[in-house]
């Protein structure tokens, strides 16, 4: 979907070094803009030396732009400073009843902590620990406590109308595997239908594999036309033999978070020899319950690698909500969390005039920020004790994450830590370049225009220019 060019609002001039320096866009970048049909007033650029703050290029850097996924840099740096790089989320298991031998006469309760990276294998290990307590049979209900975060309605519309896209998953206090379904498809000559496996495996989930077809292998969603209906996945198209083995990732939007967790839990529990007789329901942990287990997540410093390197939207949203929840705001809301982050920015001396922080992921029609504000945030991040964790979370040009296939044949390869962002009419980059002379430079560039998608090569040329010329 392509939206109309946003109205950019100028910010008041500031008497700082940010107004000085070379304000001219690099010629190679100007040529890229012309080639893409993007006017210069649809671009914001702030390039500066990371230590001195000396401006190298400042073009529209005080104007308010839509950032797309580079807004994750605000969320992750705020979380690093407000929660700490070693912060961990603790998922708790309680029982409400009496254990007699290997039988629990009562309910099993799982309390979500907002862990943005709680995965299928983590749940498997947690349930193995539960079996190690001696419990095999649960003669009661599975109770899910998701009350740490304010629950979003199950019928919340997807951002772009594509509900089965993984990036449209909603945040949750008991987020499991980002409510995703990975479908591995393998065609074999002689078989009428593709072989398949799903991860995570789920109780009572039905997959009707696609028929094997001919022709070229293209975009799987377009070819296969996946159709989700409750716990059933069908395909409206055939799977070309030429595709070989492929994995299709889907957002399982036909199940809410509790239903998804229930389906994964029940299959896992049965696979390790457990049984449960009661239904699944949602409720707060009762006062009569007894905590018997805890699952501790990886550190925040590790979690933000997934958020920034692979631009994981739902993890970023969970992280933002965790800022509010940890600082006393329960149930946490995006509004409360955004206010805390905006307050932190202001107290850090970073001007937030005109900035809008909606859900912290950039997958929003509301979020706004200036290149100047983001550049100052990156300067601050470099000067804090959490700099190593922050830097390690950024995609490295030509090496990994969303930059793995870019600039691999240029000298700037492995010398640029760059977060990328894109929406229908937004393209952006933000991060750091180490120049050929060894200087560290902050780079922020945003394009808000219907032709923004044509600027990918222009961004790469800009990063190479910074590497070559910013001595």
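The values are calculated or read from the model by the stated rules, or taken from the named source; none is laboratory data. Just so you know, these numbers come straight off a predicted model, no measurement behind them. Neighbour counts are summed over all protein chains in view; Cβ atoms, including those assigned to glycine, are modelled from backbone coordinates with ideal geometry.
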State all residues of region 340-378 that are touching a strand residue (DSSP E or B) at 6+ places or on another chain (Cβ under 6 Å) and over 17 Å from residue 82 (Cα atoms); if no residue qualifies, say none. 354, 355, 356, 362, 366, 367, 368, 370, 371, 372, 374, 375
Test of understanding: among 104, 176, 108, which residue is modelled with pLDDT of 95 or more, out of contact with any strand residue (DSSP E or B) (no Cβ under 9 Å at 6 or more places or on another chain) and under 19 Å from residue 279 (Cβ atoms)? 176
Does residue 148 count as farther than 30 Å from residue 297 by Cα and surrounded by 16 or more Cβ atoms within 10 Å (Cβ to Cβ)? no
Pairs needed: first member in region 80-93, more than 27 Å from residue 109 (Cβ to Cβ); second member anywhere, at pLDDT below 95 and outside any helix (DSSP H, G or I); C-beta distance under 8 Å; at least 6 residues apart or different chains. 82/327
Residue count, region 189-217, condition in contact (Cβ under 8 Å) with a residue 12 or more places away in the chain and in a loop (DSSP other than H, G, I, E, B), comes to 17
Being surrounded by 13 or more Cβ atoms within 10 Å (Cβ to Cβ) and either closer than 16 Å to residue 146 by Cα or within 34 Å of the chain's Cα centre (by Cα) (or both) is the filter here; which residues of region 277-288 pass it? 280, 282, 283, 285
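Please give the strands (runs of 3 or more DSSP E) falling wholly within region 42-133 in which 1 or more residues are not assigned by TED's automatic domain parsing to the domain that holds residue 395.
Hits in region 42-133: 90-100, 103-111.
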How about region 308-348: which of its residues are in a loop (DSSP other than H, G, I, E, B) and touching a helix residue (DSSP H, G or I) at 6+ places or on another chain (Cβ under 7 Å)? 310, 311, 312, 327, 329, 333, 348
Residues located in region 218-251, provided they are part of a strand (DSSP E or B) and either free of Cβ contacts under 8 Å to residues at least 12 places away in the same chain or over 28 Å from residue 262 (Cβ atoms) (or both): 227, 239, 240, 246
From 305, 284, grab the single residue that is assigned to a helix (DSSP H, G or I), closer than 29 Å to residue 251 by Cα and in contact (Cβ under 8 Å) with a residue 40 or more places away in the chain. 305
Could you tell me whether residue 377 is outside any strand (DSSP E or B), assigned by TED's automatic domain parsing to the domain that holds residue 316 and within 17 Å of the chain's Cα centre (by Cα)? no
How many residues, within region 218-230, are within 25 Å of the chain's Cα centre (by Cα), surrounded by 17 or more Cβ atoms within 10 Å (Cβ to Cβ) and modelled with pLDDT of 95 or more? 2
Filter region 196-211 down to the residues that are within 17 Å of residue 184 (Cβ to Cβ) and out of contact with any strand residue (DSSP E or B) (no Cβ under 6 Å at 6 or more places or on another chain) and list them by number. 200, 201, 202, 205
What is the number of the single condition among (1) in contact with a helix residue (DSSP H, G or I) (Cβ under 8 Å, 6 or more places away or on another chain); (2) not in a loop (DSSP other than H, G, I, E, B) that residue 184 does not meet? (1)
Top-ranked residue of region 252-270 - restricted to ones that are in contact with a strand residue (DSSP E or B) (Cβ under 8 Å, 6 or more places away or on another chain) and in a loop (DSSP other than H, G, I, E, B), ranked as surrounded by the most Cβ atoms within 10 Å (Cβ to Cβ): 252
Return the only residue of 393, 348, 385 being at pLDDT 95 or above, crowded, with 24+ Cβ neighbours inside 10 Å and in the same structural domain as residue 430 (by TED's automatic domain parsing). 393
The lone exception for residue 165 - which of (1) surrounded by 14 or more Cβ atoms within 10 Å (Cβ to Cβ); (2) over 27 Å from residue 105 (Cβ atoms); (3) modelled with pLDDT of 95 or more it fails: (3)
Selection from region 151-172 of residues within 16 Å of residue 116 (Cβ to Cβ), assigned to a loop (DSSP other than H, G, I, E, B) and touching a residue at least 60 places away in the same chain (Cβ under 8 Å) yields 169, 170, 171, 172
Please go through region 104-118 and give me each residue that is on the phi < 0 side of the Ramachandran plot and surrounded by 17 or more Cβ atoms within 10 Å (Cβ to Cβ), ordered by number. 104, 107, 108, 109, 110, 111, 112, 113, 115, 116, 117, 118
Taking residue 98 and the conditions (1) surrounded by 14 or more Cβ atoms within 10 Å (Cβ to Cβ); (2) at pLDDT 95 or above; (3) in contact with a strand residue (DSSP E or B) (Cβ under 8 Å, 6 or more places away or on another chain), which numbered condition does it fall short on, given that it satisfies the others? (1)
